[in-house]
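The values are calculated or read from the model by the stated rules, or taken from the named source; none is laboratory data. Source: prediction; values computed, not measured. Please note: Cβ atoms are built from the backbone with ideal geometry, for glycine as well, and neighbour counts cover all protein chains shown. Surface areas here come from the heavy atoms of the whole protein model, side chains and all, with no ligands, DNA or RNA. Shrake-Rupley method; radii C 1.70, N 1.55, O 1.52, S 1.80 Å.
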Amino acid sequence: MEQLSSRLLALSPSATLAMSQKSQELKAQGLDIINMSVGEPDFFTPDHIKEAAKQAVDNNFSFYTPVPGYMSLRQAISEKLKRENGVDFSPAQIVVGNGAKQEICNVILSIVEKGDEVIIPTPAWVSYFEMVKLAEGVNVPFLCGQDQDFKITASQLESLITPKTKVLLFCSPSNPTGAIYSKEELAAIAQVLAKYPRIIVIADEIYEHISYCGELTSIATFPELKDRVVIINGVSKAYAMTGWRIGFCAAPLWIAKAVTKLQGQYTSGCSSIAQKAAEAAYTGPQDCVETMRQAFERRRDLIFGLVQQIPGFSLKSKPQGAFYVFPEVDSLFGKQTPDGKTIGNASDLAMYLLEQGHVAGVTGDAFGAPKCIRFSYATSDKNITEAMARVKAAVERLK
Ligand code: PMP
Ligand code: GLU
């Protein structure tokens with residue numbers, strides 16, 4: 001007899017991972033699927049990072065690691081934050097975990113009380129909402145459309161704030177839209193938050209190096225927000241290290257301590273070998289990051305042009321960062337597939353494109369944007385071109 005907790009039952013499975021799993025299953029059945037569902041760089045981890053991991057094995061980095069991560073890695077992250085982001089976080093304020101994902105969840109579980117409100121400008125990454133649910137917090141999504149470049153304005157943010165607001169959680173460059181908040185936009189947001197000193201900001205900067213508009217500003221640089229910004233980042237995207245599972249939070253000391261306590265009870269410190277690899281990523285040559293960024297920028301231009309040619313897809317401006325396109329597709333809702341099924345929503349469309357077009361994307365519903373569909377372009381030019389041709393042909397078959 002199944003006896004699952006209500007906490008578990010309330011949780012939705014990750015739509016990005018589910019779609020990727022489904023496309024792998026179809027591939028295993030022999031179908032030629034192009035997987036643009038999950039977002040991860042298609043590059044191999046740079047050699048000098050792999051070398052550091054091999055050395056860590058040989059040098060017997062095989063024992064339990066400190067719960068918040070090796071001091072040498074936290075030192076390297078602290079220096080990275082100073083050098084690249086202009087912010088001061090001591091190693092004691094940094095906790096390394098199994099990917100940025102774990103650290104976002106740890107922070108939420110550490111500070112969100114039952115009933116606390118978490119403002120999430122949407123479209124937003126699928127897992128945020130579920131993490132808030134896990135903490136018994138209340139999601140306060142605010143849908144920002146294409147007309148405002150998928151970004152929340154300072155006055156919209158202010159209109160959402162109540163005495164129960166505990167956290168503003170946002171991501172720039174954004175998954176799934178690629179939107180980037182400018183320094184001016186962040187300054188306006190910081191000015192609003194200055195009036196509400198209890199609100200903590202969780203700034204997910206995991207895509208910071210995949211930017212097509214130059215240097216980014218971190219919201220943690222604004223003095224009004226001193227001691228209440230948590231930066232989330234990691235090596236997955238910048239260094240093509242998704243499978244190594246290293247991410248971190250840089251937080252006010254009281255949050256870093258809480259996260260360490262939580263982590264100490266349910267996962268301990270993360271993999272010794274992966275931490276030594278991440279240290280090499282942060283301290284070694286950085287040209288690999290720029291090489292990959294340039295490839296993503298070229299692909300962004302390629303896919304943006306191809307999306308414009310797909311009937312019923314609307315994407316007005318080029319994404320400024322990350323590696324996703326997130327067109328609106330609602331004008332296709334209500335159409336019929338060749339075998340007589342109705343495309344009622346974005347999930348139906350994603351399923352139709354997978355099964356009939358053999359291209360995997362992710363429905364916008366999962367990101368709080370039911371009119372949209374997401375494709376990751378972290379794949380070869382050839383795959384991008386072929387995939388968008390398939391999507392176009394499949395959409396043209398709808399009546
Ligand atoms: N934040 C965002 C917005 C993401 O897209 C991802 C990728 N899954 C993560 C956090 C987590 O990355 P990871 O756990 O691989 O560090
Ligand atoms: N960030 C990626 C995505 O959004 C990885 C999958 C996940 O963890 O959700 O597709």
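Values as computed for the structure displayed
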| read-out | value |
| --- | --- |
| Total residues in the stretch 316-336, condition open to solvent by less than 10 Å² (accessible area, probe 1.4 Å) and in a loop (DSSP other than H, G, I, E, B) | 6 |
| Residue in the stretch 117-125 that is within 29 Å of LYS261 (Cβ to Cβ), in a strand (DSSP E or B), open to solvent by less than 30 Å² (accessible area, probe 1.4 Å) and within 16 Å of ligand 2 (Cβ to nearest atom) present | yes |
| Criterion (within 26 Å of SER317 (Cα to Cα) and either modelled with pLDDT of 95 or more or open to solvent by 10 Å² or more (accessible area, probe 1.4 Å) (or both)) met by exactly one of GLN191, GLN148 | GLN148 |
| Residues that are more than 22 Å from TYR181 (Cα to Cα) and in contact (Cβ under 8 Å) with a residue 40 or more places away in the chain, drawn from the stretch 304-322 | LEU306, VAL307, GLN309, ILE310, PRO311, GLY312, PHE313 |
| Condition check for ALA378: modelled with pLDDT of 95 or more, surrounded by fewer than 17 Cβ atoms within 10 Å (Cβ to Cβ) and either over 23 Å from LEU31 (Cα atoms) or of a type in the set (A, V, I, L, M, F, W, C) (or both) | no |
| Residues being away from ligand 1 (no atom under 15 Å from the Cβ), open to solvent by 10 Å² or more (accessible area, probe 1.4 Å) and part of a helix (DSSP H, G or I) - total across the stretch 77-110 | 11 |
| The stretch 22-48, residues that are away from ligand 2 (no atom under 11 Å from the Cβ) and either among the polar types (S, T, N, Q) or under 16 Å from ASP365 (Cα atoms) (or both) | SER23, GLN24, GLN29, THR45 |
| Tally, over the stretch 81-110, of residues that are within 16 Å of ligand 2 (Cβ to nearest atom), in contact with a Ser or Thr (Cβ under 9 Å, 6 or more places away or on another chain) and over 11 Å from PHE248 (Cβ atoms) | 2 |
| Identity of the residue in the stretch 155-187, free of Cβ contacts under 8 Å to residues at least 40 places away in the same chain and open to solvent by less than 20 Å² (accessible area, probe 1.4 Å), that ends up farthest from the chain's Cα centre (by Cα) | LEU157 |
| Options ILE246, ILE273; residue that is out of contact with any Ser or Thr (no Cβ under 6 Å at 6 or more places or on another chain), open to solvent by 10 Å² or more (accessible area, probe 1.4 Å) and within 19 Å of ALA53 (Cβ to Cβ) | ILE273 |
| Which listed residue, of PRO252, PRO197, is free of Cβ contacts under 8 Å to residues at least 40 places away in the same chain and farther than 26 Å from THR177 by Cβ | PRO197 |
| Unique residue being in a helix (DSSP H, G or I), surrounded by fewer than 19 Cβ atoms within 10 Å (Cβ to Cβ) and of a type outside the set (Ser, Thr, Tyr) when the list is GLN21, GLN3 | GLN21 |
| Complete set of residues in the stretch 51-76 that are touching a residue at least 24 places away in the same chain (Cβ under 8 Å), open to solvent by 70 Å² or more (accessible area, probe 1.4 Å) and assigned to a helix (DSSP H, G or I) | GLU51, GLN55, VAL57 |
| Where a residue in the stretch 8-27 is farther than 21 Å from TYR377 by Cα and its partner, wherever it lies, is open to solvent by less than 80 Å² (accessible area, probe 1.4 Å) and of a type in the set (A, V, I, L, M), with Cβ under 7 Å and at least six apart | LEU11/LEU134 |
